[in-house]
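The values are calculated or read from the model by the stated rules, or taken from the named source; none is laboratory data. This structure is a prediction, so every number in the text was calculated from the model and none was measured. Reconstructed Cβ throughout: ideal geometry from the backbone, glycine too, with neighbour counts over all protein chains shown. Each accessible area value is taken on the protein alone, full model and side chains, heavy atoms only, with ligands, DNA and RNA left out. Shrake-Rupley method; radii C 1.70, N 1.55, O 1.52, S 1.80 Å.
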Amino acid sequence: MTWGGTSLKQRRSARRAKLLEVGLELLGTQGSAAVTVRSVCRHAKLTDRYFYESFADRDALLLAVYDQVAEEARAALGAAVANTEGTREAVATAAVEAFLAVLTDDPRKGRVLLLEPVTDATLSSRGAELMPVFADLIRSELDEEAAGLGARMTATALIGALTNLFIRWLDGSLPATHEQLVDYCVKLLLTATSLVDDHTT
């Protein structure tokens, strides 16, 4: 049914987008505790009927917001790696810069992706599920075959190290400038390649 020039499907999509927008704002500025069905509906100026039209519950909205930011970060990393030519250092620098851009151009996204999972069990579980996706991106750069056990272990270790670096930087406990952080992360990525043994199976 069309009403006001828009179809029912379009109106539902618009309402879902609005709920996601509010979810990002609340989660990214006040934290997961501020995200409730009531608060989201109030800020979105929608009734709970429309909330449940798109999401089964509050956790479903949290995960949708998290997944949206995580996909943006993954896409940014993938594009940086695919579109950068030159030395391994150039590729590593582009990847780190692209990831940090997602975290800092909109600080809400940095909080959603890295800070809130530290205290919210639902987001922590989702982060653990998505970690292999990011590890695969790094592994493909460490080992062209992307199959060696050495590359797998190194990529997994790097994800843990980089994640903690970014978390401490975002929460202010790591007093490094943007340039210092990028430089260190690039050196870490480059040094890690020496740990990869392509013949390990």
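A single member of Ala64, Ala70 is crowded, with 19+ Cβ neighbours inside 10 Å and touching a Lys or Arg at 6+ places or on another chain (Cβ under 9 Å), and it is Ala70. Please enumerate the residues belonging to segment 105-118 that are open to solvent by 50 Å² or more (accessible area, probe 1.4 Å) and under 19 Å from Glu21 (Cα atoms). Of everything in segment 105-118, those that are open to solvent by 50 Å² or more (accessible area, probe 1.4 Å) and under 19 Å from Glu21 (Cα atoms) turn out to be Asp105, Pro107, Arg108, Arg111.
Annotation note: Cβ proximity below 8 Å between a residue of segment 50-64 that is within 21 Å of Ala14 (Cβ to Cβ) and a residue that is open to solvent by 60 Å² or more (accessible area, probe 1.4 Å) and at pLDDT below 95 (sequence gap 6+ or interchain) occurs for Glu53/Arg12; Ser54/Arg12.
Scanning segment 160-193 for residues that are surrounded by 12 or more Cβ atoms within 10 Å (Cβ to Cβ), hydroxyl-bearing (Ser, Thr, Tyr) and either within 16 Å of Ala101 (Cβ to Cβ) or out of contact with any Phe, Trp or Tyr (no Cβ under 9 Å at 6 or more places or on another chain) (or both) returns Tyr184, Thr193. Starting from residues that are modelled with pLDDT of 95 or more and of a type in the set (D, E, K, R), keep the ones in segment 170-186 and report whichever is farthest from Ile138 (Cα to Cα). Checked segment 170-186; the qualifying residue farthest from Ile138 (Cα to Cα) is Glu179.
Please state which of the following conditions Gln30 fails to meet, knowing it meets all the rest: (1) open to solvent by 70 Å² or more (accessible area, probe 1.4 Å); (2) modelled with pLDDT under 95; (3) polar (S, T, N, Q). Looking at each condition in turn, Gln30 falls short on (2). Among the helices (runs of 4 or more DSSP H) confined to segment 1-88, the ones with at least 1 residues that are under 18 Å from the mean Cα position of the chain (by Cα) are located at 8-29, 58-83.
The residue list Ala147, Ala157, Ala121, Ala92 contains one member that is open to solvent by less than 30 Å² (accessible area, probe 1.4 Å) and either over 13 Å from the mean Cα position of the chain (by Cα) or modelled with pLDDT of 95 or more (or both), which is Ala92. In the set (1) free of Cβ contacts under 8 Å to residues at least 24 places away in the same chain; (2) open to solvent by 20 Å² or more (accessible area, probe 1.4 Å), Leu77 fails one condition alone, (1).
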